[in-house]
1. Amide H of N40 versus every other amide H placed in the peptide plane: which residues, excluding those fewer than 5 positions away on the same chain, fall under 5 Å?
2. Students often forget the sequence filter, so: which aspartates and glutamates lie under 18 Å Cα-Cα from K78 once same-chain residues fewer than 8 apart are removed?
3. Return the aspartates and glutamates within reach of K175: Cα separation strictly under 16 angstrom, same-chain partners fewer than 8 residues apart disregarded; answer none if there are no such residues.
4. Hey, what do the phi angles of the range 180-187 turn into as Karplus ³J(HN,Hα) couplings, whole Hz, using 6.51/-1.76/1.60 and θ = phi - 60°, x for Gly and Pro?
5. Find the relative contact order for the range 40-122 and round it to a whole percent, using C-alpha pairs within less than 8 Å whose residues are 6+ positions apart.
6. Which far-off residues, 5 or more places away or on another chain, put their amide H under 5 Å from the one on I70, with H placed in the peptide plane?
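Read-outs throughout are calculated quantities, based only on the coordinates presented, and are distinct from any laboratory measurement. These numbers come from a predicted model, not from an experiment.
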Amino acid sequence: MANAYSGDKYSVLLPTYNERENLPLIVWLLVKYFGESGFNYEIIVIDDGSPDGTLEVAEQLQKVYGEDKILLRPRAKKLGLGTAYIHGMKHASGNFIIIMDADLSHHPKFIPEFIQKQKEGDYDLVSGTRYRGNGGVYGWDLRRKLISRGANFLAQVLLRPGASDLTGSFRLYKKKVLESLVEQCVSKGYVFQMEMIVRARQLNYTIGEVPISFVDRVYGESKLGGNEIVSYAKGLLMLFATT
């Protein structure tokens, strides 16, 4: 398909930690869907010292797809999502940034829809939502679904953020918008994604939404543990107090 927006470039930031099984598949899917839709892209892998050899797999992928498409920007140890995005953005040559999980819970097939949605309204950011339209969650047990919906509902009530999925981490940003948001954010981990949307609303950025199906991790353990839920609640209260 010919692409009318040839001046735009999309930098996908993939923070990884122990994703050696998932990485080849997510990269293949990204290359496939970007290739089919004709958008210009690069994939920036930010590995935080994974002990399982994720970086070695990424190096092999770079040989397959080329250094212009796969950029490796590893860090020595696990330093958190927020700093991974800051680190990745420094090396991004695109004017748009896509953030997603490398564990296949986010399917790259939705990216062309994100891009179309962004063009429709010239949105500052587009968020994938599991709670609107055809979006849904597969592979989650009832407890996780209730926690996730409860977390979103709590945040909606307290913060009125103008987006229906606050904890999701599948988003498209104008690069300059993401840069300004990251500078403002103080949270870590699971709360970070929510804070980005809340700050976006405070700064009057426009938010588009695309319904996505969210598939729980193909390989590996879920990173949403009990301590994450506690930190989410604390972060929510902190945000509520400061907004």
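1. For N40, the qualifying residues are Y10.
2. Once the sequence-local aspartates and glutamates are set aside, what remains near K78 is E19, D47, D48, D52, E56, D101, D103, E221, E228.
3. Once the sequence-local aspartates and glutamates are set aside, what remains near K175 is D8, E42, D122, D124, E183.
4. 5, 5, 4, 4, 7, 7, 10, 6
5. Computed over the range 40-122, the figure is 31 percent.
6. The answer is I43.
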